[in-house]
Amino acid sequence: MTLELADVSVRFSDTLALDSVDLSIADGETVAIIGPSGCGKSTLLRAVAGLQALDSGSISLAGRSLADVPAHERGIGLMFQDHALFPHLDVAANVSFGLEMGGVAAKEQASRVAEMLSLVGLDGFADRSIDALSGGEAQRVALARSLAPAPSLLMLDEPLGSLDRVLREQLTADLRALIRELGTTTLHVTHDQTEAFALADRVVVLRDGRIEQAGSPSELWHRPASVFVAEFVGHTNLWPNPMGGTDVVPLTALSIVDSGQAGDVEATVTAVTFREGRHLVESRRADGSMASFEADEAPPVGGSVQLRLDQAKVINLST
Amino acid sequence: MDRNRAPLIQQSNAERSGGFSRIALGVPTLFLAVFVVWPLLAVLARSLVGAGVGDVLDQLTSSGFRSVLWFTIGQALASVALTLLVGLPIAHVLARYDIKGSTVLRALVVVPFVLPTVVVAAAFSALFNRVGIDLDRSFAAILAAHVFFNVAVVVRIVGGFWGGLDRRETEAAMVLGASPMTAFRRITLPRLAPVIAGASLVVFLFCFTSFGVILILGGPTRATLETEIHRFAVFRQEFDSAAILALVQLITVVALSAGAARFQRRQSLASRGRVRTAKLPLNSAARRTYVSLVAVVAIVVVVAPMAALVEQSLRVGDGFGLSHYANLLERGPLLPVAPITALGRSVMFAVVAAAIAAAVGLLGASAIARGGRGGRLLEIGALVPLGVSAVTLGFGYLVGFAALDFRSSIWIVPIAHAVIGLPFVLAATVPAFRSIDSRLHEAAASLGADPATIRRRVDWPLVRTPLLTGAGFAAAVSIGEFGATSFLARGRSSFTAPMAVFRLLSQPGQLLRGQALALSVVIGLTVALLALVLERRRRDSVSLL
């Protein structure tokens with residue numbers, strides 16, 4: 001269902017956690033909000049869920065204003081950071097809680113719980129106690145719990161935040177498949193751009209409570225609106241342009257030239273990391289700015305390299 | 001080099017499980033055996049052997065005993081109910097709302113808990129006199145004093161847990177469609193229930209074994225098991241009857257303590273992985289009214305008796321003056337020594353008791369932390385003084401050491417106080433010992449430190465502060481101790497300040513009362529200041545409860 005935020009502001013004592021945010025999410029769309037910690041992204045989710053009062057602006061869901069709708073009547077699914085499972089209830093009771101609140105009959109609850117647990121790959125976990133779950137299992141139960149009442153909008157707050165890398169990657173893939181399958185409108189908050197790019201149709205970069213840029217993952221990467229966005233999505237080579245502004249140089253714009261030949265750029269190698277069959281080479285130009293690139297052969301650390309620059313791939317940000 | 005070092009470490013391990021640890025286990029075990037287990041066995045023997053089973057049954061079925069038992073249980077239950085009624089809202093407000101001065105309010109509510117019973121009794125006596133209602137020597141007076149004391153228990157146990165409850169659990173319930181009331185009923189309340197039950201049990205235990213409050217505020221007609229044990233043993237010298245009552249008391253208290261300990265364990269399980277969550281702002285009129293109302297009640301309940309105590313201690317005739325305080329230097333006809341001398345005695349006893357408790361506790365804590373069968377046994381044994389009421393303990397000394405002339409020794413009171421203070425020292429030091437990473441020992445040993453050096457350079461600096469804190473609490477308890485002392489203090493040399501307050505309050509007369517109130521203020525201030533200093537040093541690891 002369509003979610004619409006218009007001019008939303010939230011103030012905590014002397015700081016603006018959200019500063020006139022306008023955001024519109026289409027039916028069935030998956031949007032990720034990324035930003036450093038403290039940028040207001042969790043506040044945004046809490047505001048939509050009705051757990052945080054607005055200082056100004058309005059939020060509407062499917063064309064209906066949520067201003068006077070308390071949290072428990074919004075019908076929005078929210079999966080909390082670190083899950084917030086009810087520790088005194090078992091897995092089944094956690095998942096069925098929302099169904100029970102919605103007045104679903106007991107028999108239907110049981111079958112829906114089984115269906116949800118199966119959906120997240122936890123068949124047979126119904127009677128487990130919350131204490132006995134691993135981090136990944138708790139994450140799946142939390143997801144099942146927020147999906148069980150079939151919310152019109154699903155919100156995920158750092159859903160994979162506390163998990164280790166291998167588990168994250170696996171669950172990211174599972175989550176993406178699940179969201180696509182259900183077609184639920186999803187709003188997803190994370191500080192990890194890889195996770196956001198993997199899950200979302202559209203990514204919103206939030207900085208100090210303001211939207212810095214919104215667009216597809218590819219747009220953010222190829223046309224970052226600011227140095228902040230460029231750095232946040234993972235660009236490392238940011239060179240001052242003599243004509244003004246900053247040049248963002250993707251890794252792929254740089255390649256090493258054969259020894260003895262002159263390149264466009266000279267740099268000193270500071271580190272080499274072997275990564276997925278190639279070498280990630282970090283080097284610095286004379287002015288100290290970073291020049292990272294990939295190479296088949298590792299150049300010696302401390303040595304100087306000549307690099308060819310593919311000018312067409314360079315993005316100029318005029319500040 | 002390596003070849004030399006390996007045997008050295010082995011040798012050091014062998015040595016550590018040898019000499020020192022034998023002393024560390026042996027001394028506290030002996031101390032508890034002589035000063036806790038033996039007196040209790042003596043009471044047991046006296047009640048069963050001395051009186052004979054027939055007499056025991058006769059006494060337990062007598063109507064007098066039944067009415068004492070019912071009154072003991074009834075006043076404790078009523079006190080628990082009232083304490084929860086006052087304490088739970090305070091716990092809620094402190095745990096959940098973002099209010100200015102919450103630190104002050106929390107500290108204020110906890111003050112009564114550290115005050116000695118005689119001081120509290122004196123404060124309520126002063127309050128009733130000030131307000132002009134004749135509640136002295138009534139059931140209501142007992143309940144009021146018990147609530148004053150135990151609100152701290154509820155606020156501390158329940159409030160501490162409540163504040164640590166992840167608010168997002170409630171929010172998760174609300175997002176899933178639970179109204180605030182439903183979320184409270186289905187999520188918060190089930191989480192709190194075992195903690196509230198545990199706190200209630202602790203409060204019940206305190207009220208069941210309450211002695212000074214009942215003796216002073218209840219008057220002669222309101223007898224509980226504790227005051228009856230005292231009456232039979234001290235005034236009527238009927239040890240057999242007292243022993244039977246003490247046996248009933250002992251069984252009840254041990255059973256309740258075991259229950260309380262289980263709740264505490266469950267609570268510590270339930271509080272695992274807790275998170276600090278943002279407190280609720282006071283952003284609506286309803287919230288502001290509720291919080292103000294609770295704060296006012298808390299302040300009135302806690303401050304009124306203390307303020308009345310101070311005010312009445314300063315009242316001379318129709319005006320104010322310090323003459324009651326000046327009178328503390330004089331020995332009246334009623335007391336064996338001047339109140340100021342008794343106070344000096346109390347302080348001296350507190351220092352000696354704290355030193356004994358610290359020495360025994362330090363050894364005991366290291367043995368308990370090391371574990372093994374001896375350590376576990378010691379850990380259980382060291383909890384016994386917590387479960388046994390001071391009155392039963394004092395009576396046990398009367399019976400158990402009757403043959404020796406030990407009772408007339410000046411040491412008996414500080415030793416009894418040390419036994420009562422020992423659990424506080426252990427509560428502070430055992431976790432400190434346990435938290436020492438064994439790799440620190442291994443690292444020190446690999447760097448060439450012998451076991452004695454490791455104890456001095458690694459262990460001691462890490463346990464020193466908790467030990468001081470625990471010993472400080474033991475001293476605070478000793479200064480105000482009344483139950484055991486009232487059995488053991490004999491003559492001038494062991495007459496303590498709380499004894500003086502009791503003696504002065506139990507006689508009619510404005511002058512004596514004024515003196516009692518002034519002395520109570522001085523005792524209360526001493527203990528409160530000590531507790532305040534200790535509280536500041538406390539690093540949450542030490543809990544009074």
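Is it the case, given these coordinates, that A:Asp68 is assigned by TED's automatic domain parsing to the domain that holds A:Ser218 and more than 26 Å from B:Glu169 (Cβ to Cβ)?
Working: assigned by TED's automatic domain parsing to the domain that holds A:Ser218: yes; more than 26 Å from B:Glu169 (Cβ to Cβ): no.
The answer is no for A:Asp68.
For segment A:101-119, does any single residue satisfy the condition of being closer than 30 Å to A:Gln193 by Cβ and either surrounded by fewer than 22 Cβ atoms within 10 Å (Cβ to Cβ) or of a type in the set (Asp, Glu) (or both)? Steps first, answer last, please.
First pass over segment A:101-119, keeping only residues closer than 30 Å to A:Gln193 by Cβ: A:116, A:119.
Restricting the remaining residues to those that are either surrounded by fewer than 22 Cβ atoms within 10 Å (Cβ to Cβ) or of a type in the set (Asp, Glu) (or both) gives A:119.
Within segment A:101-119 (the criterion being closer than 30 Å to A:Gln193 by Cβ and either surrounded by fewer than 22 Cβ atoms within 10 Å (Cβ to Cβ) or of a type in the set (Asp, Glu) (or both)), the answer is yes, since at least one residue qualifies.
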Query - For B:Leu225: the one exception among (1) crowded, with 19+ Cβ neighbours inside 10 Å; (2) more than 23 Å from the chain's Cα centre (by Cα) - result: (2)
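Return the residues of segment A:107-131 that are within 14 Å of chain B (Cβ to nearest Cβ) and either closer than 17 Å to B:Leu176 by Cβ or modelled with pLDDT of 90 or more (or both); say none if nothing qualifies.
At the first step, the residues of segment A:107-131 found to be within 14 Å of chain B (Cβ to nearest Cβ) are A:109, A:112-113, A:116, A:129-131.
Listed by number, the residues that qualify are A:Gln109, A:Arg112, A:Val113, A:Met116, A:Ser129, A:Ile130.
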Report task. May I ask you to say which residue of A:Ala84, A:Ala93 is open to solvent by less than 50 Å² (accessible area, probe 1.4 Å) and at the interface with another protein chain (Cβ under 7 Å from one of its Cβ atoms)? Result -> A:Ala84
Report task. State all residues of segment B:121-152 that are modelled with pLDDT under 90 and either touching a Gly at 6+ places or on another chain (Cβ under 6 Å) or among the β-branched types (Val, Ile, Thr) (or both); if no residue qualifies, say none. Result -> B:Val131, B:Ile133, B:Arg137
**Report entry** Output for segment B:433-454, where each listed residue is open to solvent by 60 Å² or more (accessible area, probe 1.4 Å) and over 29 Å from B:Glu535 (Cβ atoms)
**Finding:** B:Ser438, B:Arg439, B:Glu442, B:Leu447, B:Asp450
Report task. Identify the residue in segment B:401-431 that is farther than 18 Å from B:Ala489 by Cα and in contact with a Leu (Cβ under 6 Å, 6 or more places away or on another chain) and, among all such residues, is surrounded by the fewest Cβ atoms within 10 Å (Cβ to Cβ). Result -> B:Pro423
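So which of B:Pro305, B:Pro281 ends up being under 24 Å from the mean Cα position of the chain (by Cα) and assigned by TED's automatic domain parsing to the domain that holds B:Val120?
On the way: B:Pro281 fails: under 24 Å from the mean Cα position of the chain (by Cα).
After ruling out the rest, the residue left standing is B:Pro305.
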Query raised in the report: Within segment A:179-192, can you find the residues that are buried (at least 20 other Cβ atoms within 10 Å of the Cβ) and assigned to a helix (DSSP H, G or I)?
Result: A:Ile179
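Quick one: would you say A:Ser292 is of a type outside the set (Val, Ile, Thr), modelled with pLDDT of 90 or more and buried (at least 17 other Cβ atoms within 10 Å of the Cβ)? Spell out how you get there, then give the answer.
Numbers: of a type outside the set (Val, Ile, Thr): yes; modelled with pLDDT of 90 or more: yes; buried (at least 17 other Cβ atoms within 10 Å of the Cβ): yes.
When the stated conditions are applied, A:Ser292 passes them.
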Query raised in the report: Among the residues of segment B:164-172, is there at least one that is within 14 Å of chain A (Cβ to nearest Cβ), open to solvent by less than 30 Å² (accessible area, probe 1.4 Å), within 28 Å of the chain's Cα centre (by Cα) and closer than 30 Å to A:Val48 by Cα?
Result: yes
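Which residues, taken from segment A:154-163, are part of a loop (DSSP other than H, G, I, E, B), within 14 Å of chain B (Cβ to nearest Cβ) and crowded, with 22+ Cβ neighbours inside 10 Å?
Of the residues in segment A:154-163, the ones part of a loop (DSSP other than H, G, I, E, B) are A:158-163.
With the extra rule that they be within 14 Å of chain B (Cβ to nearest Cβ), the set shrinks to A:158-159, A:161-162.
Within segment A:154-163, just A:Pro159 meets the criteria.
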Query raised in the report: Just wondering, is there one or more residues in segment A:142-153 that are farther than 30 Å from A:Arg64 by Cα, touching a helix residue (DSSP H, G or I) at 6+ places or on another chain (Cβ under 6 Å) and crowded, with 18+ Cβ neighbours inside 10 Å?
Result: no
Query raised in the report: Mind checking which residues of segment A:65-81 are within 10 Å of chain B (Cβ to nearest Cβ) and loosely packed, with under 15 Cβ neighbours inside 10 Å?
Result: A:Pro70, A:Glu73
**Report entry** Candidates B:Phe148, B:Phe161, B:Phe124 - the one that is within 25 Å of the chain's Cα centre (by Cα), crowded, with 22+ Cβ neighbours inside 10 Å, within 14 Å of another protein chain (Cβ to nearest Cβ) and in contact (Cβ under 8 Å) with a residue 40 or more places away in the chain
**Finding:** B:Phe161
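On the given criteria, is B:Thr61 open to solvent by 50 Å² or more (accessible area, probe 1.4 Å) and among the hydroxyl-bearing types (Ser, Thr, Tyr)?
yes
The values are calculated or read from the model by the stated rules, or taken from the named source; none is laboratory data. Everything numeric here is computed off the predicted structure, so don't read it as measured data. Positions of Cβ are generated from backbone atoms using ideal geometry, with glycine treated the same way; all protein chains shown enter the neighbour counts. Quick note on the areas: whole protein, heavy atoms, side chains included, nothing else; ligands and nucleic acids left out. Shrake-Rupley method; radii C 1.70, N 1.55, O 1.52, S 1.80 Å.
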